[in-house]
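Each remark here refers to the structure printed beneath this line.
Any read-out appearing in this document is the output of simple, stated calculations on the displayed coordinates, not a laboratory observation. Predicted model, so just to flag it, every value in this text is computed and none were measured. No Cβ is skipped: glycine too gets one built from the backbone with ideal geometry, and neighbour counts run over all protein chains shown.
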């Protein structure tokens with residue numbers, strides 16, 4: 001991964017920078033020891049590593065503002081970091097950067113059940129937002145699989161999704177407002193407890209901007225009443241195409257399940273070997289979950305069953321109780337762990353139009369044969385978000401490179417059929433150099449124009465999202 | 001009036017423009033701007049509709065009615081329930097899908113399903129420099145690059161002329177029920193709406209309006225027939241509600257305020273609705289979105305808007321003049337200086353000559 005050369009003028013002023021940061025932060029909140037900065041050298045995309053110059057852990061919006069004002073004045077790049085769970089290298093430092101971690105910003109600032117919102121500091125973890133309101137029967141809907149660890153700051157930066165977004169949407173659909181600090185230290189409030197913007201929807205632009213427009217320190221989130229219950233059904237088919245057609249027919253029939261998960265044969269086999277969930281021996285498996293009161297669940301599952309039977313399923317297993325439901329989910333939820341047991345793997349994140357599913361799975365099969373690497377497919381079938389897992393052996397020289405090349409081909413395929421490079425993980429470092437596959441130079445210019453306005457010196461989260469050569473003239477300006 | 005029939009012709013019209021352009025579909029939404037008319041009405045037709053994938057791609061000038069008919073044929077709809085402004089504003093013409101998106105128009109179901117911007121998957125537009133830009137796409141989960149889709153929704157043509165939009169569509173329900181009761185005060189009415197919206201019963205509409213003796217509140221539930229019956233029963237038992245005739249089309253189009261000389265639209269936290277009403281002198285009032293959307297009507301637009309904006313400055317939220325004469329009062333809630341600076345900066349990037357719908361966003 002090509003990175004810009006560290007700015008020598010910044011590297012040379014490390015001591016001065018540390019001294020100035022210590023003047024506005026508690027002693028322990030400035031980390032400049034080389035051994036300690038290693039803790040921030042990478043995120044969930046651990047193939048790439050680079051310790052930052054310094055790391056800071058501010059404890060308030062005011063401290064974030066003071067840090068950014070200093071870095072802005074000294075021309076120091078800043079890499080905002082939530083919990084460091086990004087799978088795309090969204091929080092990977094450069095050698096001349098200050099990592100700004102929000103891990104000390106964890107407070108709940110306000111809960112208003114009548115207005116159905118919660119205001120939190122942005123370092124709070126996704127799951128602990130729900131924990132703050134579930135005693136009252138509410139929850140925060142976006143549920144990325146890292147939800148135990150990932151911070152709301154990162155969720156906002158990457159516009160995180162989850163398994164349940166067919167019904168509840170992703171972060172941007174559940175975000176009412178943010179406090180965001182611009183690179184020059186200016187504190188801005190976007191949105192709040194009310195709906196929709198008075199002027200341009202800047203909240204919508206900041207969400208998903210991968211920490212390149214500002215540092216989010218507080219967020220107002222929409223909370224929802226928990227449904228009375230939820231239950232899954234497992235349906236096995238003897239071809240991917242039939243499973244895809246079944247998904248389409250269910251949606252056309254007006255049923256809106258809360259989740260539709262798809263697994264192909266390699267994935268089923270691996271999960272079964274690992275978790276022994278009792279999955280059927282078949283080519284494609286759907287796990288479909290519906291919500292509501294008992295009678296509503298029965299009604300929806302009956303409809304789904306009726307549609308599925310028209311497609312000759314090899315197995316149709318409705319969960320009768322919580323135990324059976326847990327068994328159905330067991331295999332799916334252990335999919336990534338199962339893969340990790342048997343191999344190294346790379347997890348992709350493209351989205352395709354649901355209608356293209358059988359074609360895309362065929363083409364992935366061809367690519368798998370061509371590159372000589374196995375692929376297992378897990379897929380949020382309701383919304384088209386695919387997670388092909390390419391299996392490789394990191395200890396065999398050249399396999400990582402082969403795997404990356406094959407991953408690029410799969411993502412190009414996603415774009416070719418009308419989809420996109422990333423459905424929920426973000427571009428980060430990982431897909432930066434593929435952006436030209438999906439966007440024309442003008443499309444990218446328009447996005448970089450937005451960056452120019454929020455962060456004219458291009459100091460925030462450098463070397464991500466935009467190909468370096470495409471961004472060169474903006475960075476130099 | 002310029003009515004380009006292709007995206008290339010939109011580029012030509014913008015590149016050749018020597019002065020301001022009044023960007024519109026058919027002008028039913030009362031957007032105030034000046035210049036030569038540039039209408040997208042000839043950029044018409046559905047490009048792609050996949051009911052099984054819940055996605056629709058459509059040219060910007062396509063009549064909203066044509067879109068709704070095509071969706072209804074497959075048992076689907078635009079879940080954000082866009083308002084038809086013609087009765088309220090006394091305008092005529094054909095509402096277009098591009099107009100809906102450019103104004104981010106959302107009706108009562110916004111409270112549960114989200115706004116137009118939440119259903120907008122992708123856009124193509126020509127900016128003020130004549131650049132053809134695409135952003136987003138036609139899939140539901142997409143975080144590739146910055147989200148200019150949101151930026152374009154509600155930008156009223158000031159950043160670019162939309163040529164094509166992609167939207168998420170949803171199934172139409174089998175059954176709809178509306179449940180209602182009278183409460184004594186606006187506080188009581190909003191509290192009942194909050195209880196409905198805070199229940200697990202998927203309320204998709206929550207409105208209130210004054211009537212003789214108090215405030216009428218109404219909740220809507222939709223879905224499969226048995227499920228609607230169950231949820232309507234639970235809500236009715238809990239809140240003492242009874243069924244009424246469907247009021248949602250009239251609420252959506254704000255028909256109650258059609259005869260008012262001046263109309264102001266306010267977005268606040270539902271819990272602040274009563275304080276806003278106490279601060280203004282309105283003749284006609286309608287609350288939607290659980291109390292968070294307040295429609296105010298009266299004879300004196302300037303006084304109404306000034307008072308509403310003062311309340312919003314204090315409480316958070318925003319008030320806009322929708323219809324009537326507002327004198328010296330800005331039609332939109334003034335923004336904090338850093339936000340105004342970003343807005344100006346973005347406009348200068350996307351419309352360097354300042355020719356797109358000047359004045360449309362205040």
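On a 0 to 90 degree scale, rounded to 10, what angle separates helix B:225-239 from the longest Cα axis of chain B?
60
Which whole-number percentage describes the relative contact order of chain A, with Cα contacts under 8 Å and a sequence gap of 6 or more? Before the final figure, lay out each step's value.
Details: 1006 pairs, mean separation 68.7, N = 477.
That works out to 14 percent.
Two-decimal Rg/Rh of segment B:175-252 from alpha-carbon positions, Kirkwood Rh? Each step should come with its number before you reach the end.
Working: Rg = 11.6 Å, Rh = 12.3 Å.
Radius of gyration over Kirkwood radius for segment B:175-252 works out to 0.94.
What distance in nm separates the simple spin-label points at residue A:106 and residue A:401, each placed 7 Å from Cα in the Cβ direction?
Taking the two extended label points, one gets 4.3 nm.
Just to confirm the number: angle between the C-alpha axis of helix B:186-197 and the first principal axis of chain B, 0 to 90 degrees, nearest 10?
Taking the Cα atoms of chain B, the angle to B:186-197 is about 80 degrees.
Does anyone have the angle between helix A:294-309 and the longest principal axis of chain A? Alpha-carbon axes, 0 to 90°, nearest 10?
Around 70 degrees separate the two axes.
So how far, in whole Å, is the C-alpha centre of segment B:257-316 from the one of segment A:225-240?
44
Based on DSSP H runs of at least 4 residues, each adding -39500 (n - 2.57), what is the mean residue ellipticity at 222 nm of chain B after dividing by all its residues, to the nearest 500 deg cm²/dmol? Walk me through the numbers before you get to the answer.
Numbers: 13 runs with 111 residues, N = 362.
When only DSSP H runs of four or more count, the value is -8500 deg cm²/dmol.
Work out the mean other chain Cβ neighbour count within 10 Å for the residues of A:65-78 and drop it here as an integer.
Mean number of neighbouring Cβ atoms from other chains: 0.
Label residue A:149 and residue A:281 with points 7 Å out from Cα along Cα→Cβ: what is the distance between them in nm?
If labels sit at residue A:149 and residue A:281, their model points lie 3.7 nm apart.
Can you give me the distance in nm between label points at residue A:131 and residue A:370, each placed 7 Å from the Cα along the Cα-to-Cβ direction?
Going from the residue A:131 label point to the residue A:370 one covers 4.7 nm.
Please work out whether chain B counts as rounded, prolate or oblate from its C-alpha gyration tensor, where a ≥ b ≥ c are the square roots of the eigenvalues and a/c under 1.5 means rounded, while otherwise a/b larger than b/c means prolate and anything else oblate?
Details: a/c = 2.03, a/b = 1.32, b/c = 1.53.
Oblate, since a/c reaches 1.5 and b/c is not below a/b.
Could you work out the relative contact order of segment A:343-416, using alpha carbon pairs under 8 angstrom and six or more residues apart, expressed as a whole percent?
Numbers: 105 pairs, mean separation 30.4, N = 74.
Answer for segment A:343-416 is 41 percent.
Quick one: B:147, A:449, fewest Cβ neighbours within 10 Å first, how do they rank?
Values: B:147 26, A:449 21.
Least to most surrounded, the residues fall as A:449, B:147.
Which value in deg cm²/dmol, rounded to the nearest 500, describes the helix-derived mean residue ellipticity at 222 nm for chain A, given -39,500 (n - 2.57) per DSSP H run of n ≥ 4 and division by the residue count? Walk me through the intermediate numbers first.
Numbers: 18 runs with 175 residues, N = 477.
The per-residue figure over chain A is -10500 deg cm²/dmol.
Fewest to most neighbouring Cβ within 10 Å: what's the order for A:40, A:48?
On the way: A:40 24, A:48 15.
Listed from fewest to most nearby Cβ atoms, that is A:48, A:40.
When a/c is below 1.5 the answer is rounded, else prolate if a/b is larger than b/c, else oblate, so apply that to segment A:172-329 with a ≥ b ≥ c taken from the square roots of the Cα gyration tensor eigenvalues.
Values: a/c = 2.66, a/b = 2.16, b/c = 1.23.
In terms of gyration-tensor shape, prolate.
Over all residues in B:331-338, what is the mean tally of Cβ atoms on other chains that come within 10 Å of each residue's Cβ?
Details: counts 0, 2, 3, 2, 5, 5, 2, 7.
The mean count of partner-chain Cβ atoms within 10 Å per residue comes to 3.
Would you work out if segment B:150-305 is rounded, prolate or oblate? Take a ≥ b ≥ c from the square roots of the eigenvalues of the alpha-carbon gyration tensor; rounded if a/c is under 1.5, else prolate when a/b is larger than b/c, oblate otherwise.
Taking the square roots of the gyration eigenvalues as a ≥ b ≥ c, segment B:150-305 is oblate.
For each of A:68, A:200, count neighbouring Cβ atoms within 10 Å of the residue's Cβ, then give the residues from fewest to most. Numbers along the way, then the final one.
Details: A:68 27, A:200 24.
Fewest to most other Cβ atoms nearby, the residues stand as A:200, A:68.
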